[in-house]
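Contents: one structure, followed by commentary.
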Amino acid sequence: MSTHGVVDHDPDCLFCKIVAKKIPSRPVYEDDEFYCFHDIAPWAPVHFLIIPKAHIPSMAHITDAHAGLMGRMMALVPKLAAQEGCNPYPDGGFRLVTNTGVEGGQEVRHLHFHVMGGSRPWLRG
Ligand code: 5GP
Ligand code: ZN
């Protein structure tokens, strides 16, 4: 168990397998807490995912105990958007999306931020 009261690792979780490098991915950034990698089916010229290494299933599981972690996750967004080639704000920018639950359109049940950007048109969104 982690200090957040959720399992650190779910052996059946796709993104836990990606964190463990059991499934290959194209890395964008990695540190002790987070792994960031290109989405396999990008909607936009830039489309990568930011995930905590710990298995947190969704935003619905976030509590005050996660405030520090979530702050550090948010702070990665503009830094990695610029690194990956999103055009500068305000004429450029990016979209930050977190689908949550079935009605929220979440397919992979391991918390992830989608960061999408680049010159339009995009495939979707
Ligand atoms: P969700 O619909 O849960 O918000 O987003 C899941 C995302 O994970 C989708 O955009 C999908 O393309 C991406 N994805 C699913 N399987 C894989 C995979 O094996 N590797 C990578 N890099 N992305 C994946
Ligand atoms: Zn997981």
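Compare E30, E103, E84 by solvent-accessible area with a 1.4 Å probe and give them largest first, with all protein chains kept in place.
Per-residue accessible area, sorted high to low, gives E103, E30, E84.
Once fully extended, how much extra length lies between K22 and A82, figured as 0.36 nm per residue of separation less the alpha-carbon to alpha-carbon distance?
18.8 nm
Which of the aspartates and glutamates could be linked to K17 by a straight reach, that is with a Cα gap under 18 Å, when you skip same-chain ones fewer than 8 residues away?
Within the straight-line cut-off, K17 pairs with D8, E30, D31, D32, E33, D39, E107.
Mind checking which of P42, P11, P78 has the largest fluctuation in a GNM of the chain, springs on alpha carbons under 10 Å?
The residue that fluctuates most here is P11.
Output the lone cysteines of the chain: those with no second cysteine's C-beta under 4.7 Å from their C-beta.
C36, C86
Between V115, V97, V28, find the one with the highest GNM mean-square fluctuation for the chain; connect C-alpha pairs within less than 10 Å.
V97
Kindly provide the helix-only [θ] at 222 nm of the chain, computed as the sum of -39,500 (n - 2.57) over DSSP H runs of four or more divided by all residues, to the nearest 500 deg cm²/dmol?
-5500 deg cm²/dmol
Residue separation times 0.36 nm, minus the C-alpha to C-alpha distance between R120 and A60: what's the value?
This chain segment gains 18.5 nm when fully extended.
Say a site is exposed when it is one of the trypsin sites (Lys or Arg not before Pro), sits in a DSSP loop, and has at most 14 other Cβ atoms within 10 Å; what is then the longest site-free stretch of the chain?
23-123
Got the relative contact order for the chain handy, in percent, Cα pairs under 8 Å and 6 or more residues apart?
For the chain, the relative contact order is 30 percent.
Using a 7 Å offset from the Cα along the Cα-to-Cβ direction at both R72 and I40, what is the distance between the two label points in nm, to one decimal?
In this crude spin-label approximation the distance works out to 2.8 nm.
State the percentage of accessible surface on the chain attributable to carbon and sulfur atoms; use a 1.4 Å probe and exclude ligands, DNA and RNA.
Carbon and sulfur atoms account for 56 percent of the accessible area of the chain.
Working out 0.36 nm times the residue gap between Y89 and E30, then minus their Cα-Cα distance, what length gain in nm do you get to one decimal?
Length gained, Y89 through E30: 18.8 nm.
From the protein chains alone at 1.4 Å, what is the descending order of accessible area for M74, M59, largest first?
Working: M74 95, M59 70 Å².
Heavy-atom accessible area, descending, gives M74, M59.
The values are calculated or read from the model by the stated rules, or taken from the named source; none is laboratory data. Small disclaimer: the values here were computed from a predicted structure and weren't measured. Here Cβ is always computed from backbone atoms with ideal geometry, including for glycine, and neighbour counts include all displayed protein chains. Calculation scope for accessible area: heavy atoms of the full protein, side chains included, ligands and nucleic acids excluded. Shrake-Rupley method; radii C 1.70, N 1.55, O 1.52, S 1.80 Å.
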